[in-house]
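**Student:** So that we are looking at the same thing, I have put the structure below in structure tokens.
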Amino acid sequence: MVQRQFPNPRELAQLMQFKKPTLNPTDRRLAQALTIADLRAIAKRRTPKAPFDYTEGAAEGELSLARARQAFQDVEFHPSILRNVPVVDTSRQVLGGTSALPFGIAPTGFTRMMQTEGEVAGAGAAHAAGIPFTLSTLGTTSIEDVKAANPDGRNWFQLYVMRDREISYGLVRRAAAAGFDTLFFTVDTPVAGARLRDKRNGFSIPPQLTAGTVLNALPRPAWWINFLTTPPLTFASLSSTGGTVAELLDAAMDPTISFDDLDIIRQMWPGKIVVKGVQTVEDAKLLADRGVDGIVLSNHGGRQLDRAPIPFHLLPHVVREVGTDLEVHIDTGIMNGADIVASIALGARFTLIGRAYLYGLMAGGRRGVDRTIEILRSEIERTMKLLEVSTLDELGPQHVTQLTRLVPVARSVADAAEAAASTKPTTVRTSRSKAAAGTAKTAAAATAPSTRSSATASTRRTPTTT
Ligand SMILES: Cc1cc2nc3c(=O)[nH]c(=O)nc-3n(C[C@H](O)[C@H](O)[C@H](O)COP(=O)(O)O)c2cc1C
């Protein structure tokens, strides 16, 4: 039998702790976003369809992106217990400097089109959080203005080597003069990927006012007011002739770029150099031999070659081969701080976020990017505490199992031969780096495509490391 009584007014008063209302609507919206997916939902409501789809979309059937995100979701973590971890240190040494968090902002083109504050919001938020910001060759804010927004933080410049080499060389010189410390040379864009959403939406740069776009704009007045009342959307570093993104890229990009271009750029650039868009172990080894400072395992967020390798699956193999020769970074598909923790555990030195940043930007400009960083920071800290590691260096392959759905039959005849050889007990594996092999061996050996050559099921859930 439950005993009942009259509510005591004093106890009632204690319960009624109404929060002060947040008057600013942007802050109110952002405070309700607990995940990057929540920010995406806000962004979608506030951004016209064509620029939102340009940001969110990928190439062809968008399989590369979906697979990359799935690979992160298929992580199984193995926490330690009773390790006494009251606080965690999320800082990371990267390319000769410090970042307060193990991720930076990836280069993205046309950023002021997603939301008018564009790169200034990204660079300012990066400055406040103590993480690096990367400006794209196709950025819509100048090198000098990004420097002003992130004056004493780390700025990185992403380079496309274009048909007109002099344009690219001029950008390299300007970025060096402005004190950018690292150059990211993107190599996965010999031609534009097929962004079918853009074609279907009739999307062009700058956006055109058609009956469809006007209709779509009506419920999104803020975006259009911003768009029409701020300086026109042009490339800050290039002159453009207008057209679809694919047409612009195809006009600017050069399918004949080669390792010779890398050598020329290296000679011109005084700082660190990183090659972005590496997708095979073989190319990682070639780049290590050429002495670059780092590589980004990336398929450009799935926006170039569809069905490209999943960077997160490639990671342990590349780390095993070149992990002590250069820094291995990764991007594509990161939507949660736990994705970042898993990447560090499998040997990534650093990670980059593209859409996660842009969703925040579209959801609320500068404050939206701050919110993206805050969400990822809290997810990283919480995951580290739950794994009971106090520093990122303590993370290792023992903390992560990659559960695979797609199991390659065999990547090539050479792989099949290697697999056969590696099953013999007397076989000694050759490795560029014994130390790297030691740290990442568990993860790499178990997920190596060659060792899975006998698997036949293509959708089975198979733990690949322990
Ligand atoms: C809208 C958009 C524009 C991009 N523009 C560039 C670019 O100009 N140069 C470049 O190297 N990468 C570019 N990328 C790729 C990103 O740098 C990064 O590799 C990718 O976004 C990572 O995947 P994620 O979006 O899943 O995080 C772009 C990505 C997006 C989403």
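**Student:** In debye, nearest 20: dipole of the stretch 48-173 around its Cα centre with unit charges on the Cβ of K, R (+) and D, E (-)?
**Tutor:** It works out to roughly 260 debye.
**Student:** Another one. Report Rg/Rh for the stretch 135-193, rounded to two decimals, where Rg is the Cα radius of gyration and Rh the Kirkwood radius. Walk me through the numbers before you get to the answer.
**Tutor:** Numbers: Rg = 11.6 Å, Rh = 11.9 Å.
Dividing the radius of gyration by the Kirkwood radius yields 0.97.
**Student:** Right, another one. Using the per-residue mean of other Cβ atoms lying within 10 Å as a proxy for protection, in what order, highest first, do the peptides 353-361, 96-104 fall?
**Tutor:** 353-361, 96-104
**Student:** Here is a further query. Order these peptides, 9-16, 216-223, 114-121, 328-335, by their mean beta-carbon neighbour count within 10 angstrom, highest first. Provide the component values of the computation, followed by the final result.
**Tutor:** Numbers: 9-16: 8.1, 216-223: 13.9, 114-121: 24.4, 328-335: 27.9.
Put in order of decreasing packing, that is 328-335, 114-121, 216-223, 9-16.
**Student:** For the peptides 336-347, 381-392, what is the packing order when you average, over each peptide's residues, the other Cβ atoms within 10 Å and list the highest mean first?
**Tutor:** Ranking, from highest mean packing down: 336-347, 381-392.
We did not get these values from a lab; they are worked out from the coordinates using the rules stated. This one's a predicted model, so the numbers in the text were calculated from it and none came from an experiment. Glycine also receives a Cβ, built like all others from the backbone with ideal geometry; neighbour counts cover every protein chain displayed.
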